[in-house]
Amino acid sequence: MRRLLHLSTLPIASLVLLRLSTYRSVYSTQQLTSLVRSSKSEWKTFLNLTNTSNIKVRTTATKSKLNHTQAIADAFKKGLNISYDSSSPPSSPSLLFHIRNDHNKITLSVSTSSSPLYSRPFRTVSVDSGKSPLRGNIASYMCLKTLNKDVKFLVDPFCGSGGVCIEAGVMLRKEVRVKRDLEMKGWRGYDYGVEGSVCELLKGENLEDIKIVGFDRDRGVVEAAKRNAERAGVADLVEFREGVISDLRNEWGEKGVIVSNPPWGKRLDGGGKDLRNLYGRTGEVLRKEFKGWGIGMLTERRLWAQMKVKETSEEERFSYAGVKPSFIRGII
Ligand SMILES: C[S@@+](CC[C@H](N)C(=O)[O-])C[C@H]1O[C@@H](n2cnc3c(N)ncnc32)[C@H](O)[C@@H]1O
């Protein structure tokens with residue numbers, strides 16, 4: 001439990017699975033059903049397997065005789081031998097099972113959370129809403145790659161609803177990560193006592209307290225960022241201000257990093273020229289005010305080039321929002 005909780009609190013995680021069983025040489029649904037029947041008593045010791053309405057199943061099949069994913073999921077549920085009770089609302093917490101059939105070897109796992117770990121319940125705007133908030137685990141990854149024990153300040157000049165700044169705050173505030181709602185906390189035998197020891201483990205991450213400040217030109221998103229930080233339990237660690245990049249001045253001195261997800265992609269670009277100008281201006285401000293600071297940006301390479309900032313990292317590409325932006329690090 002301790003290990004599972006520890007992994008689930010890592011801010012870059014999207015899914016943490018506990019392996020339940022592995023079956024080799026499975027060629028029919030009947031065979032799978034009977035294997036599940038014989039294993040389930042063991043799972044019942046900690047999972048609540050009373051009603052299929054609270055069970056979700058995700059299945060993949062590769063190069064296997066049994067390759068119909070729905071048939072595999074149905075055979076699994078049949079093996080559990082639990083009835084679908086449509087009269088009772090889905091009980092919470094729900095269980096998310098993963099079934100992988102690879103070369104006729106079936107691996108059954110249960111997820112510690114029924115929704116992806118990158119979803120952040122404190123956000124009112126979802127990552128799928130089209131308003132460009134950043135996925136929680138990508139924002140965390142950006143912070144992880146740019147923060148180190150010498151960094152004292154993190155500034156995001158295009159903070160939007162606060163993704164990067166809040167993730168940096170959450171990274172520092174270990175209790176918030178450990179207290180997060182996870183379905184595994186509803187499993188029988190979950191011991192809240194392990195949370196203290198996981199918190200201690202996280203303290204070994206060696207990140208000092210830093211000052212975190214986000215700016216955005218849009219007053220509405222700045223207000224949303226403040227509310228998100230409040231809900232995330234890090235409002236006292238993060239400051240959000242309304243402001244445009246041209247007015248950004250370095251009030252913090254040395255030893256800082258700029259970590260940001262500025263506008264990029266066709267949807268936010270008024271025909272191509274607007275964003276090139278914005279990045280050109282951003283480069284001027286950064287080179288004048290933040291000389292020597294580290295920088296990590298999620299953006300398109302053609303836009304990064306407009307800033308004329310020295311790049312220090314290998315390119316890391318993400319597939320995100322239908323585009324493949326790069327996470328680029330450098331020294332200003
Ligand atoms: C891609 S969004 C950032 C999303 C953010 N990472 C989040 O998680 O919500 C880019 C932001 O840059 C802001 N922005 C655009 N031009 C700006 C400028 N000149 N100065 C400051 N902010 C600007 C927009 O208002 C928008 O919120």
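Key figures
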item	result
Residue match in the stretch 245-257 (condition: within 12 Å of the ligand (Cβ to nearest atom), crowded, with 17+ Cβ neighbours inside 10 Å and at pLDDT 90 or above)	yes
Some residue of the stretch 268-291 being surrounded by 13 or more Cβ atoms within 10 Å (Cβ to Cβ), under 20 Å from Ser140 (Cβ atoms), of a type outside the set (Lys, Arg) and modelled with pLDDT under 95	no
Residue among Val176, Val155, Val170, Val164 that alone is at pLDDT 95 or above and under 15 Å from Phe122 (Cα atoms)	Val164
Subset of the stretch 230-242 [touching a residue at least 40 places away in the same chain (Cβ under 8 Å) and either within 12 Å of the ligand (Cβ to nearest atom) or crowded, with 22+ Cβ neighbours inside 10 Å (or both)]	Ala232, Val234, Val238, Phe240
Test: residue in the stretch 275-286 that is part of a loop (DSSP other than H, G, I, E, B), more than 20 Å from Gly162 (Cα to Cα), in the same structural domain as Gly163 (by TED's automatic domain parsing) and of a type outside the set (Val, Ile, Thr)	no
Residue count for the stretch 8-57, restricted to those that are farther than 30 Å from Leu207 by Cα, at pLDDT 95 or above and part of a strand (DSSP E or B)	5
The lone exception for Gly220 - which of (1) surrounded by 12 or more Cβ atoms within 10 Å (Cβ to Cβ); (2) within 13 Å of the ligand (Cβ to nearest atom) it fails	(1)
Failed item, numbered, when Ser88 is tested on (1) polar (S, T, N, Q); (2) modelled with pLDDT under 95; (3) within 30 Å of Val178 (Cβ to Cβ)	(3)
Residue check, Arg227 closer than 30 Å to Ser94 by Cβ and either within 16 Å of the ligand (Cβ to nearest atom) or at pLDDT below 90 (or both)	yes
Evaluation of Leu286 against (1) within 19 Å of Lys211 (Cα to Cα); (2) in contact with an Asp or Glu (Cβ under 9 Å, 6 or more places away or on another chain) (one fails), failing number	(2)
Odd one out for Glu200, checked against (1) modelled with pLDDT of 90 or more; (2) more than 16 Å from the ligand (Cβ to nearest atom)	(1)
Pairs where the first residue, in the stretch 126-149, is basic (Lys, Arg) and the second is within 11 Å of the ligand (Cβ to nearest atom) and modelled with pLDDT under 85, C-beta under 6 Å, 6+ apart	Lys131/Val125; Arg135/Val127
Residue in the stretch 310-321 that is at pLDDT 95 or above, assigned by TED's automatic domain parsing to the domain that holds Ile166 and surrounded by 15 or more Cβ atoms within 10 Å (Cβ to Cβ) present	no
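The values are calculated or read from the model by the stated rules, or taken from the named source; none is laboratory data. Only a predicted model underlies this, so the values are computations on that prediction, with no experimental measurement involved. All Cβ positions, even for glycine, are placed from backbone atoms using ideal geometry, and neighbour counts span all protein chains on display.
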